Amino acid sequence: MMWQSLSKLMTLADSMRVYCGHEYTLNNGRFALTLEPGNVDLDARMRDIETLRTSDSPTIPTTIGLEKRTNPFLRPQSPEIRRTLNMPDATDVAVFAEMRARKDRF
């Protein structure tokens, strides 16, 4: 059900702003880097996030486009994520479920 919901969000325009109700961006970014350390967009975003959080500033809103480039839960098709998880031929749903399970233990 969560994957179905996120799949709907992925159809929105990249410019669409996202206002989440929590400030987990720093921890989520750290987790994302364990899955996709070679993602240059994620690396740049993490530098921005760290700067913002150091000054106690919020990291939101974000955009759908930025989330598509940096949020692993919107990137189960990423070859790097699939290599990290050792799931090269798995379905997107299976990759998503494995990431979610790992995030629960992170």
- Residues located in the stretch 20-53, provided they are of a type in the set (Ser, Thr, Tyr) and out of contact with any helix residue (DSSP H, G or I) (no Cβ under 9 Å at 6 or more places or on another chain): 24, 51
- Within the set of pairs 6 or more residues apart or between chains, which connect a residue that is without any contact (Cβ under 8 Å) to a residue 40 or more places away in the chain inside the stretch 73-91 to a residue that is in a loop (DSSP other than H, G, I, E, B) with Cβ atoms less than 6 Å apart? 82/88
- Task: Kindly indicate the residue of the stretch 60-88 that is polar (S, T, N, Q) and within 21 Å of residue 50 (Cβ to Cβ) and also nearest to the chain's Cα centre (by Cα) among those meeting that condition.
- Result: 71
- Message: Here's a check for you: in the stretch 13-41, which residue that is under 15 Å from residue 68 (Cβ atoms) and among the β-branched types (Val, Ile, Thr) is surrounded by the fewest Cβ atoms within 10 Å (Cβ to Cβ)?
- Response: 40
- Leading residue by the ranking (surrounded by the fewest Cβ atoms within 10 Å (Cβ to Cβ)) among those in the stretch 1-12 that are under 12 Å from residue 68 (Cα atoms) and among the hydrophobic types (A, V, I, L, M, F, W, C): 10
- Any idea which residue in the stretch 16-55 is farthest from residue 83 (Cα to Cα), counting only those that are part of a loop (DSSP other than H, G, I, E, B) and at pLDDT 95 or above? 55
- Message: Residue pairs, Cβ under 8 Å, 6 or more apart or interchain, first in the stretch 17-34 and under 13 Å from residue 62 (Cβ atoms) and hydroxyl-bearing (Ser, Thr, Tyr), second surrounded by 12 or more Cβ atoms within 10 Å (Cβ to Cβ) and at pLDDT below 90. List them.
- Response: none
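The values are calculated or read from the model by the stated rules, or taken from the named source; none is laboratory data. Every value quoted in this text rests on a predicted model; they were computed, and no experiment measured them. Please note: Cβ atoms are built from the backbone with ideal geometry, for glycine as well, and neighbour counts cover all protein chains shown.
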